Amino acid sequence: LFKGEVLILIFGIFLHRYYTNSPNFRIFSIRSTIHLEYEGTSFSEWSVPASCSVKDRRSPKTELRCSSPGYHHIKPIVTGPVQEESRYLSVDNSQICFLWYCKVKYFFHNLTQVIIIWVYDPENADRDELLRKANEPSRNSMILTKQLATLGQRPTIYTILRRKQYSPRQLLKNGVWKISVPMRKDDMLQSIMGNKVAFQDCFVADFFFLLVFPLVIAPEIPGYLPLSTPSGSQLIVDWDACAPSTIVVVAEMETFQTNDSFLTWTKIRVPPGILNDDERHSVTDMCLSEGRIFFIINGILYLKDFYKFTRLGRNDNLPDGGIIGTTSRRWCWVNYLFKSQGKRSSMAVWTENEVYLGSQHQPQNTRQQEPHQLFRFHKIITTTELKNLLRLSPTATLTIHTVEYTAHPLELGLFLSYHVAHTFNKKIYLVIYNEDTKRWMHQDFALDVPIDSFLVSRFLYSAMPELLLWDKHRVYYSYHNFTVSGILQTPTENGNLSRLSQNSNIDDVFLDYFGNIVIKMENNIMFYSKVNIKDAIQLHSWINKTINSFFGLDIAGQLYFVYVFEDGTLETQQYPLKLEAQSLTFQASEECPYVAFHTSLTRVFYFLDKREVLPFWVQMTYPENVGLHIILESYGPKIIKEKRKFTFEIILGQCTKTMISTFSQAVNYEAVGDYFKLQDQTSGLVLYNVQPSRYSKACITPKKVFQVAVGCNSKKYIAVKGFSKKGCLRHNFSYVIEKKFVSEPKTKSLKGKSSLASYGCTLRLSIILWFNSLVHKFDDNGYVEDVTVNFIVWEIHGRDDYSFNTTMRKHGCLNEAQTWKSMTELNKHLPLEKAWGPENYKHCFSYAIGKPGDLNQPYEIINKSNYNHIIWPLDHSGMYVFGVKILDPNYSFCNLTAIFAIETFGLITRPNGYLVASFLFLLMLLFFSILVLSYFQYMKIYRQYIYEPLHEPERKQKKT
């Protein structure tokens with residue numbers, strides 16, 4: 001791949017910009033039309049090399065094309081004696097010419113989003129397509145999309161977090177594809193990828209974007225009054241960490257809100273009569289948290305949601321005044337492990353002496369709650385308690401300077417101002433609070449600053465606590481868990497950015513997930529650095545210094561500027577941070593010390609359960625004799641066993657170093673004294689950094705930051721094979737269990753009702769068939785594996801009229817094995833389902849465990865390989881509802897259970913003995929009665945023939 005370099009000069013206080021038709025400068029190649037724009041009055045003409053052509057050399061706004069890759073320089077010729085600086089643009093030779101266009105439609109009745117997709121060529125697209133406002137493809141885009149579809153093109157949406165993929169269910173229709181995607185807050189990072197199909201030697205670029213859960217914005221209501229900052233104040237901006245396209249900005253004239261990166265926006269206003277005019281123009285701080293907007297006005301916290309504008313105070317566990325700051329989370333972690341009860345906070349509020357945390361609250365009946373009561377606050381600490389924690393002098397003054405959430409999903413940092421009387425400086429200390437463990441950790445960080453200075457803080461995107469602090473003139477850094485600290489240096493003025501920017505003050509600092517640091521001054525002069533870099537360089541001018549502006553992130557995660565004008569209008573402009581940084585590093589001859597840095601870690605969050613292993617590799621390529629190595633560092637409890645293996649090879653002067661790592665646990669949870677305590681001690685959240693040992697501002701690939709949660713994945717569950725909740729022939733029926741079949745004495749028979757929602761379809765099974773249960777494990781992605789470890793079953797109503805086909809002796813037990821009877825007698829204080837489990841399981845295969853007993857008893861523990869079956873009584877049928885539980889203590893942190901139901905059939909119920917005897921007696925009586933009657937009937941018919949002959953013989957007469 002060849003690259004080109006375009007040299008552009010900035011003229012003094014004037015400036016010029018460049019842009020392309022491709023959104024976010026995604027296509028910047030020899031096929032692109034580069035638009036040049038000069039802003040100023042001293043322009044003469046454009047100077048271009050022979051390999052590039054300009055449409056109108058003397059026009060301040062013109063078009064540039066470079067026909068070959070390479071480093072080209074282009075500069076505006078200006079009049080006047082001012083010496084210009086150089087800007088370098090990298091122009092590459094890419095075969096990517098087309099882009100995916102997507103439009104989202106939301107369907108709340110079934111919580112789905114239909115994404116309408118087509119292909120467009122930025123060089124031949126309509127204006128609405130370039131502005132991302134098109135509702136349907138233009139004529140050129142429709143023809144291009146149909147042509148590519150004929151060649152085999154077809155888009156597929158891949159989700160980054162949950163690794164799902166979605167494809168169109170129908171063929172191309174009206175020049176668009178439609179893909180249905182479920183609304184999920186935990187799977188917003190998505191990418192549109194197509195087949196490798198070329199048209200005129202051009203391909204379609206993959207499109208990475210953020211498919212945010214739609215947030216409803218309250219409409220503007222006539223008669224409502226504006227909210228604003230005091231005159232002369234800087235803009236107050238905040239956006240949702242997990243949905244950066246949702247932004248709120250408070251200016252001197254209005255407050256604006258958007259949920260689509262200011263493609264559209266509304267004004268936030270308040271009803272008349274709530275605030276007076278002075279209060280409405282006295283907003284000193286603001287934060288956006290979970291769809292709600294919080295304002296601080298004269299030390300009081302106000303809540304603006306979709307319904308109303310509410311003052312918060314004592315009834316909401318907050319002070320009625322004296323609030324000096326509020327903040328929300330700045331880094332998005334959709335998944336994390338939170339072992340404590342309740343919910344982690346989403347915002348913090350503080351006074352000089354107290355800190356409060358707030359989170360969304362879900363009461364049982366939300367209809368009876370006021371909207372502001374759905375957000376709950378609680379106080380976590382005071383400065384008096386902090387003095388005791390830090391062992392500071394009780395006579396010194398300790399106040400809360402500022403509060404900021406760290407990059408850790410469960411921690412926040414408190415910056416404390418410590419001042420001793422009659423001194424001119426104060427010390428800034430840092431204490432970090434973990435919301436899960438409820439622990440306060442004093443950090444090895446102290447900064448001396450003038451007593452009248454105020455510092456703003458930001459934690460960097462890193463596993464280890466790393467941060468930036470800045471006042472009006474300088475930026476302070478602390479890297480590598482507070483082991484490397486100092487002032488961000490500049491080539492001149494010893495890091496004083498104000499002197500390098502015409503005495504302007506620092507306005508804001510932009511940080512992203514790629515390690516970029518952009519420092520913006522109030523007059524829009526900017527400086528650039530990278531994470532773990534100790535110096536900053538000045539960026540080329542891009543914005544007129546008289547315009548109010550702030551940073552924003554679009555749905556593709558790219559930086560842009562929003563301009564706020566005095567007439568209450570807004571305008572957005574994309575900013576090519578990557579190209580601008582390349583220009584500076586090329587000009588400074590700064591190179592990245594490594595050529596490539598790759599890892600097999602594709603996600604940012606991993607669960608590590610018992611018996612599970614997390615393998616991954618990290619590979620780095622760098623020039624020979626540079627001497628780099630791979631750093632893997634962790635932050636959190638020491639609960640993971642790590643194994644590392646390194647390989648190394650050199651080919652043609654390039655070194656390739658590979659680290660193969662394996663994470664696992666090496667704890668045996670069987671037969672321990674306190675099973676649950678040991679689980680709590682060996683579970684938790686660990687953050688990791690994977691990065692090269694050296695870094696520079698020219699490096700594009702950022703370090704990899706990821707979480708490993710050791711503990712229970714709440715989305716993991718088990719189910720018994722063969723039991724589904726669909727296609728049931730019979731469900732939701734009632735049944736009766738006779739009291740004599742229940743282990744515990746009952747005064748009457750039990751009545752039950754089947755539940756399709758709880759245990760699915762009931763399996764009908766002949767009583768002569770044994771049942772062998774096969775258990776499957778699932779998570780949110782579907783089937784995981786067959787469960788091969790020990791598990792137990794029990795009848796939830798307490799039935800004991802079933803047994804098992806294997807005895808303890810046949811199974812190889814040396815001592816008597818545990819049974820439900822023995823465990824319930826041992827744990828009479830516990831309910832049936834908690835009497836036996838992994839916390840008290842002991843095997844029977846050792847003389848040292850258990851005690852001798854009758855080994856001819858049924859063995860009640862089942863696994864996949866021991867062929868242990870449930871057998872049924874042959875003299876009656878019945879309804880059985882079984883619970884199943886994983887018994888192996890080394891299988892999972894989760895209490896994995898399931899329920900299934902079996903109805904047996906096959907024999908008529910055995911009748912009562914007295915009834916049978918009575919029936920036989922009556923039958924014999926009937927038999928003998930019939931016999932006697934038949935005898936008398938016989939005698940009646942044939943009696944005359946007994947005494948009288950049937951035929952009288954004829955007598956012969958004598959002859960005379």
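The residue of segment 108-165 that is nearest to Phe98 (Cα to Cα), among those that are among the hydrophobic types (A, V, I, L, M, F, W, C) and in a loop (DSSP other than H, G, I, E, B), is Ala125. Looking only at segment 621-634, decide whether some residue is modelled with pLDDT of 95 or more, surrounded by fewer than 19 Cβ atoms within 10 Å (Cβ to Cβ) and of a type in the set (Gly, Ala, Ser). Among the residues of segment 621-634, at least one is modelled with pLDDT of 95 or more, surrounded by fewer than 19 Cβ atoms within 10 Å (Cβ to Cβ) and of a type in the set (Gly, Ala, Ser), which makes the answer yes. Answer yes if at least one residue in segment 281-289 is among the polar types (S, T, N, Q), at pLDDT 95 or above, farther than 23 Å from Asp320 by Cβ and over 30 Å from the mean Cα position of the chain (by Cα), and no otherwise. Checked against the condition, which is being among the polar types (S, T, N, Q), at pLDDT 95 or above, farther than 23 Å from Asp320 by Cβ and over 30 Å from the mean Cα position of the chain (by Cα), segment 281-289 yields no hits at all. When segment 255-275 is examined, which residues are found to be assigned to a loop (DSSP other than H, G, I, E, B) and under 17 Å from Asp305 (Cβ atoms)? Answer for segment 255-275, where residues must be assigned to a loop (DSSP other than H, G, I, E, B) and under 17 Å from Asp305 (Cβ atoms): Asn259, Ile268, Pro271, Ile274, Leu275. In segment 568-583, how many residues are touching a Leu at 6+ places or on another chain (Cβ under 7 Å) and in a loop (DSSP other than H, G, I, E, B)? Residues meeting the conditions: 1. Taken together, Leu161, Leu227 contain a single residue that is in contact with a helix residue (DSSP H, G or I) (Cβ under 6 Å, 6 or more places away or on another chain), surrounded by 15 or more Cβ atoms within 10 Å (Cβ to Cβ) and either in contact (Cβ under 8 Å) with a residue 24 or more places away in the chain or hydrophobic (A, V, I, L, M, F, W, C) (or both), which is Leu227.
Restricting to segment 191-202, give me the number of residues that are among the hydrophobic types (A, V, I, L, M, F, W, C) and out of contact with any Cys (no Cβ under 7 Å at 6 or more places or on another chain). Going through segment 191-202 one residue at a time, the tally reaches 4. When the residues of segment 726-753 are filtered to those that are touching a Cys at 6+ places or on another chain (Cβ under 8 Å) and surrounded by 13 or more Cβ atoms within 10 Å (Cβ to Cβ), the one that is farthest from Trp794 (Cα to Cα) is Cys728. Residues of segment 816-827 that are out of contact with any Gly (no Cβ under 9 Å at 6 or more places or on another chain), within 21 Å of Tyr802 (Cβ to Cβ) and part of a loop (DSSP other than H, G, I, E, B): Thr819 alone. Which ones in segment 828-838 are assigned to a loop (DSSP other than H, G, I, E, B) and touching a Phe, Trp or Tyr at 6+ places or on another chain (Cβ under 8 Å)? If the condition is that a residue be assigned to a loop (DSSP other than H, G, I, E, B) and touching a Phe, Trp or Tyr at 6+ places or on another chain (Cβ under 8 Å), then Ala835, Trp836, Pro838 are the ones that fit.
Looking across Asp448, Asp452, one residue alone is out of contact with any Gly (no Cβ under 9 Å at 6 or more places or on another chain), outside any strand (DSSP E or B) and either more than 23 Å from Ser328 (Cβ to Cβ) or small (Gly, Ala, Ser) (or both). It is Asp452. For segment 584-620, the candidate set comprises residues that are of a type in the set (A, V, I, L, M) and in a strand (DSSP E or B); within that set, the residue that is surrounded by the fewest Cβ atoms within 10 Å (Cβ to Cβ) is Ala596. Within segment 623-640, the set of residues being touching a Gly at 6+ places or on another chain (Cβ under 8 Å) and assigned to a strand (DSSP E or B) comprises Pro623 only.
The rows are residues; the columns are (1) without any contact (Cβ under 8 Å) to a residue 24 or more places away in the chain; (2) surrounded by 14 or more Cβ atoms within 10 Å (Cβ to Cβ); (3) of a type in the set (Val, Ile, Thr); (4) touching a Phe, Trp or Tyr at 6+ places or on another chain (Cβ under 7 Å).
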{"residue": "Gly798", "(1), (2), (3), (4)": "no, yes, no, no"}
{"residue": "Asp801", "(1), (2), (3), (4)": "no, yes, no, yes"}
{"residue": "Thr807", "(1), (2), (3), (4)": "no, yes, yes, yes"}
{"residue": "Gln818", "(1), (2), (3), (4)": "no, yes, no, yes"}
{"residue": "Lys821", "(1), (2), (3), (4)": "no, no, no, no"}
{"residue": "Leu826", "(1), (2), (3), (4)": "yes, no, no, no"}
{"residue": "Asn840", "(1), (2), (3), (4)": "no, yes, no, no"}
{"residue": "Leu855", "(1), (2), (3), (4)": "no, yes, no, no"}
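Taking residues in segment 751-774 that are assigned to a loop (DSSP other than H, G, I, E, B), and partners anywhere that are modelled with pLDDT of 90 or more and of a type in the set (Phe, Trp, Tyr), the pairs with Cβ atoms closer than 6 Å and at least 6 places apart or on different chains are Ile767/Trp872. Being within 33 Å of the chain's Cα centre (by Cα), touching a residue at least 12 places away in the same chain (Cβ under 8 Å) and surrounded by 14 or more Cβ atoms within 10 Å (Cβ to Cβ) is true of Ala241.
Give the number of residues within segment 318-361 that are closer than 22 Å to Val248 by Cβ and of a type in the set (Phe, Trp, Tyr). Residues that pass the stated criteria total 4.
Specify which of the listed residues (Lys726, Lys703, Lys677) is basic (Lys, Arg), within 27 Å of Ser758 (Cβ to Cβ) and out of contact with any Phe, Trp or Tyr (no Cβ under 7 Å at 6 or more places or on another chain).
Answer to the check: Lys726.
When Ile192, Ile217, Ile179, Ile247 are checked against the criterion of being within 25 Å of the chain's Cα centre (by Cα) and either at pLDDT below 90 or part of a helix (DSSP H, G or I) (or both), Ile217 stands alone in meeting it.
Give the residue, chosen from Phe306, Phe295, Phe338, that is aromatic (Phe, Trp, Tyr), in contact with a strand residue (DSSP E or B) (Cβ under 7 Å, 6 or more places away or on another chain) and either part of a loop (DSSP other than H, G, I, E, B) or within 28 Å of Leu410 (Cβ to Cβ) (or both).
Values: Phe306 fails: in contact with a strand residue (DSSP E or B) (Cβ under 7 Å, 6 or more places away or on another chain); Phe338 fails: in contact with a strand residue (DSSP E or B) (Cβ under 7 Å, 6 or more places away or on another chain).
That would be Phe295, the only listed residue that is aromatic (Phe, Trp, Tyr), in contact with a strand residue (DSSP E or B) (Cβ under 7 Å, 6 or more places away or on another chain) and either part of a loop (DSSP other than H, G, I, E, B) or within 28 Å of Leu410 (Cβ to Cβ) (or both).
Reported count of residues in segment 641-690, each being part of a loop (DSSP other than H, G, I, E, B) and of a type in the set (Phe, Trp, Tyr), is 1.
The values are calculated or read from the model by the stated rules, or taken from the named source; none is laboratory data. Keep in mind that what you see is a predicted model, and the values were worked out from it rather than measured. Every residue, glycine among them, receives a Cβ derived from its backbone with ideal geometry; neighbour counts consider all protein chains shown.
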